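Computed from the coordinates by the stated procedures, all read-outs in this text should not be read as laboratory data. Nothing here was measured: the structure is a model prediction, and the numbers come from that model. Virtual Cβ from ideal backbone geometry, glycine too; neighbours counted across all protein chains shown.
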Amino acid sequence: MVWDVKQMWAVQGKTRVVCIVGDPIGHSLSPIMHNAAFAACHLDYVYVPFAVSPANLEQAVLGLRALGVSGFNVTIPHKTAIIPLLDRLDESALSAGAVNTVQQSGTSLVGYNTDGDGLVDSLSIDLNFSIGAAPILVVGAGGAARGAIAALCRSGAKQIFIFNRSLENAQAVKLDMNRRYPETHIEVIHQSHVSREYLESILLLINTTSLGMNGERISGIDLSCLSKYAKVYDMVYSRFGTPLVEEATTFGLRAVNGLGMLVAQGERAFEIWTGQKPPQGVMRQALSTI
């Protein structure tokens, strides 16, 4: 990559490549924030998106391995399907049961999950919320919920409630997390709605589902029952808010969407690939300009 006084660059034969694979991929903001960080650090890297269908995932991973890319991000729908195609998993990916970041280390592909730790980072930065004894309600029991709960447990969470349409999936997450993190009390809510008793006790509500991405609202939760001290985090990211965030703010609750988590998980992935942290605020600033 060649630099001039305006910090413009051109890809050369020695430029290192990282990418993101998913289906669809056109909406991804990751290329914008990562390329901005590479530019700010004067690193000879480029980040590109690749649309990869589920049927072509194995071939794509073989190709990325053969091409010697430095690493890549993994997004929907491949976060779980990619696991058998990798050589080993970091604890973050093992506990989450999903991978969102891959590093090519020598001839090995190593899977990580930076989503959960990115969530914890964003909770601190965007909501001024410190993980501890405060009861937490997690909506969902998929891969995103697993990563979130595992990271919360690693960060010292003492009490977590899981609310999900499928009790079987929620119970499976509880059993796995109890085995990994026995010091955290995890409880599944078995009703079709979260009772006032639960809602009045929690201080953080986290939506880990995709509900809200297309304007949907989460049923079974009456936000008016939350304590005025409670905070709401929607992992769905948008520059314009989400239905959950909008509803929470009407009740005077402090609430944010997952844009901060997107940035924080990206910063952790950047460090995995390059061995250095991006300049603080560069990725977030890049997204604010689009």
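Amide H contacts for S238 (H built 1.01 Å from N in the peptide plane; partners 5 or more residues away or on another chain; cut-off under 5 Å): G258, L259.
Farthest toward the positive end of the dipole of the chain, out of T249, A36, T80, is the Cα of A36, where the dipole comes from beta carbon charges about the Cα centre. Divided by 2.2 N^0.38 Å, where N counts the residues, the Cα radius of gyration of segment 87-145 comes to 1.35.
Between the alpha-carbon centres of segment 126-145 and segment 106-120 there is a gap of 19 Å. About its Cα centre, the dipole of the chain is roughly 260 debye, where the only charges are +1 on Lys and Arg Cβ and -1 on Asp and Glu Cβ.
Dipole orientation for segment 116-257: of the candidates N128, L226, V194, N128 has the Cα lying most toward the positive pole (charges on Cβ; Lys, Arg +1; Asp, Glu -1).
Amide hydrogen proximity for Q159: with H placed 1.01 Å from N in the peptide plane, the residues at 5 or more positions away or on another chain lying under 5 Å are I136, H185.
The angle separating the long axis of helix 30-41 from the principal Cα axis of greatest extent in the chain is about 60 degrees. The 3J(HN,Hα) values that the Karplus relation (6.51, -1.76, 1.60; θ = phi - 60°) gives for segment 146-158 are, in residue order, 4, x, 5, 5, 4, 5, 4, 5, 4, 8, x, 4, 9 Hz. Gly and Pro appear as x. Backbone phi angles across segment 228-234, fed through the Karplus curve with coefficients 6.51, -1.76 and 1.60 (θ = phi - 60°), yield HN-Hα couplings of 5, 8, 6, 10, 10, 10, 10 Hz in residue order; Gly and Pro are listed as x.
For the chain, the relative contact order comes to 16 percent (Cα pairs under 8 Å, sequence separation of at least 6).
Be a star and scan segment 142-160 for residues whose amide nitrogen sits under 12 Å from the point 7 Å along the Cα-to-Cβ vector of S219. Of the residues in segment 142-160, none has backbone N under 12 Å from the label point off S219. Taking Cα atoms only, the orientation of helix 57-67 departs from the longest principal axis of the chain by about 40 degrees.
Hey, what's the Kirkwood Rh for segment 116-257 if you take every pair of different alpha carbons, in angstrom? Please report the intermediate quantities before stating the final value.
Details: mean 1/r = 0.0674 Å⁻¹.
Radius from the Kirkwood sum: 14.8 Å.
Over 27 Å between Cα atoms: which of K14/K79; K231/K277; K79/K277 fall into that group? K14/K79; K231/K277, as the Cα separations exceed 27 Å there. Placing unit charges on the Cβ atoms only, positive for Lys and Arg and negative for Asp and Glu, gives segment 116-257 a dipole magnitude near 180 debye about its Cα centre.
Fewest Cβ neighbours within 10 Å first, please rank M261, M33 accordingly.
Numbers: M261 30, M33 24.
Sorted ascending by nearby Cβ count, the order is M33, M261.
Give the average over all directions of the projected area of the C-alpha convex hull of segment 224-280, one decimal, in nm². Present the calculation step by step, with values, prior to reporting the outcome.
Values: hull surface 19.4 nm².
Here the figure is 4.9 nm², rounded to one decimal.
What the phi angles of segment 255-265 give under the Karplus curve with 6.51, -1.76 and 1.60, with θ = phi - 60°, is a coupling list of 8, 9, 9, x, 4, x, 5, 4, 5, 5, 5 Hz, glycine and proline written as x. Relative contact order of segment 34-134: 19 percent, from C-alpha pairs under 8 Å at least 6 residues apart in sequence. Per the Kirkwood formula applied to alpha carbons, the chain shows a radius of gyration over Rh ratio, Rg over Rh, of 0.98.
Cα centroid distance between segment 168-207 and segment 7-64, in Å? So the two Cα centres are separated by 36 Å. Peptides 15-26, 117-128, 271-282 ordered by packing proxy, namely the average of other Cβ atoms within 10 Å per residue, highest first: 117-128, 15-26, 271-282. Listed peptides 93-100, 149-156, 161-168 appear in the order 93-100, 149-156, 161-168 once ranked by packing, highest mean of other Cβ atoms within 10 Å at the front. With respect to the chain, whose longest principal axis is taken over its alpha-carbon atoms, helix 115-127 is tilted by about 70°.
Cut-off under 13 Å on the C-alpha distance; same-chain residues fewer than 8 positions from K174 excluded. Which aspartates and glutamates are left, in chain and number order? Within the straight-line cut-off, K174 pairs with E183, E187.
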